[in-house]
1. As an exercise, use a Förster radius of 25 Å and the Cβ-Cβ distance of Val166 and Arg233 to find the FRET efficiency, rounded to the nearest 0.05.
2. Let me have the relative contact order for region 28-185, percent, based on Cα pairs under 8 Å that are six or more residues apart.
3. With bins 10 Å wide starting at 0, give me the P(r) of region 190-311 over every alpha carbon pair, in whole percents.
4. Using Cα-only point scatterers and the Debye equation, what is log10 of I(q)/I(0) for region 64-222 at each q in 0.11, 0.12, 0.18 Å⁻¹, rounded to two decimals?
5. Give me the three principal axis extents of region 187-259 from the C-alpha atoms, as integers in angstrom, largest value leading.
6. Taking the 0 to 90 degree range and rounding to the nearest ten, how far is the long axis of helix 79-93 tilted relative to the main principal axis of the chain, both from C-alpha atoms?
7. Roughly how big is region 110-208's charge dipole about its Cα centre, with Cβ charges of +1 (Lys, Arg) and -1 (Asp, Glu), in debye to the nearest 20?
8. On full extension of the chain, what length is gained from Glu298 through Asp286, given 0.36 nm per residue of separation minus the C-alpha to C-alpha distance?
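Just so it is clear, none of the values below were taken in a lab; they were calculated from the coordinates. On a predicted model such as this, the values are computed, not experimentally measured, just so you know. Glycine also receives a Cβ, built like all others from the backbone with ideal geometry; neighbour counts cover every protein chain displayed.
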Amino acid sequence: MSVEREKVRFTSGDTECAAWHYPGTNGACVIMAGGGGVTKEPGTDRFAKRFNDAGFAVLAFDYRRLGESGGQPRQLMRMGEQLADWQAGIAFAATLPGVDPNRLAAWGFSLSGGHLFRVAATNPQLAAAIAQTPLVDGPAASRQAARHQKPLAMLRFTARGILDAVGGRFGRRPLLVRLAGEPGTVSMLTTPDGLDGNRALNPDDTYPDWQQAIAARSALRVTLYRPGRYASRARCPMLVLACDQDQSVLAEPAVRAANRAPRGELVRMPGGHYAPFLDGHEPAVDAELSFLRRHLLESTALHTAGADSTR
């Protein structure tokens with residue numbers, strides 16, 4: 001990375017989350033996390049650098065049980081824990097040097113983008129949130145994924161998830177499934193654009209330590225997750241970036257969630273699930289930076305000027 005960043009840790013629950021802190025210059029901070037099973041470096045580096053180059057501080061973290069964060073067993077995703085990690089990360093970001101606690105935004109894609117509908121509904125400290133190609137409706141995404149999977153592999157995936165869940169009750173190590181693979185493999189994603197994940201997030205094997213696998217019980221839970229139900233309760237402005245050819249999480253559920261959010265803004269782009277990391281990177285960055293400037297810099301400055309005029 002061409003910018004200076006420092007490794008920090010913050011407490012969440014009974015463990016610690018590891019994060020990269022990029023100091024900023026404009027007083028605002030963007031808290032970031034990668035998609036399901038994606039650690040902070042492959043999941044956030046490209047966007048974090050662009051936000052930081054524009055003056056924003058960034059706090060990019062690993063969820064507990066993943067990457068450099070604490071927590072056992074490893075490679076396990078629990079929705080409640082990840083939502084708690086967001087709350088802890090936001091609270092920690094507010095204490096960073098040079099950060100105005102009134103200028104905090106959250107950014108996530110895929111599963112993390114879905115989490116942000118729930119975070120925005122419950123955390124009054126957030127001034128803005130960006131949900132990029134978010135997983136809004138797990139059952140709908142699962143039905144779509146089934147079209148790109150072979151029946152026997154679907155049965156093996158389900159059986160592995162159930163076995164893993166039962167084994168977890170007895171303290172056994174998680175049974176893992178790959179994050180993505182060809183149809184016929186026991187993988188969380190076998191959609192055509194799901195196979196772009198490694199090329200989009202890990203070009204030239206830039207991040208060899210990233211374990212591209214997740215506990216089977218967690219992958220099974222994702223198929224039932226519906227965070228879009230919280231869209232109408234979102235308290236802050238939300239930018240939802242949907243890709244029209246997304247075959248992994250689908251565009252239409254994200255579009256509907258953006259329309260339900262009281263202060264929702266929608267950007268539609270061509271391309272599949274990982275287009276914002278590939279050919280659509282520049283348009284995605286431009287849209288997200290414009291949103292961040294409007295809601296973290298310009299609106300805050302207008303509010304401050306209005307308050308000063310009443311004194």
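1. On the way: r = 35 Å, r/R0 = 1.39.
The calculated FRET efficiency here is 0.10.
2. On the way: 229 pairs, mean separation 32.7, N = 158.
Relative contact order for region 28-185 comes out at 21 percent.
3. Distribution as computed: 11, 30, 34, 17, 6, 2 percent.
4. For the requested q values the scattering log ratios are -0.51, -0.61, -1.23.
5. Dimensions of region 187-259 along the principal axes of its Cα atoms: 39, 27, 23 Å.
6. Rounded to the nearest ten degrees, it is 30.
7. Details: 11 positive and 7 negative charges, 109 e Å.
Computed charge dipole of region 110-208: roughly 520 debye.
8. On the way: separation 12, 0.36 × 12 = 4.32 nm, distance 1.62 nm.
Additional length available on full extension: 2.7 nm.
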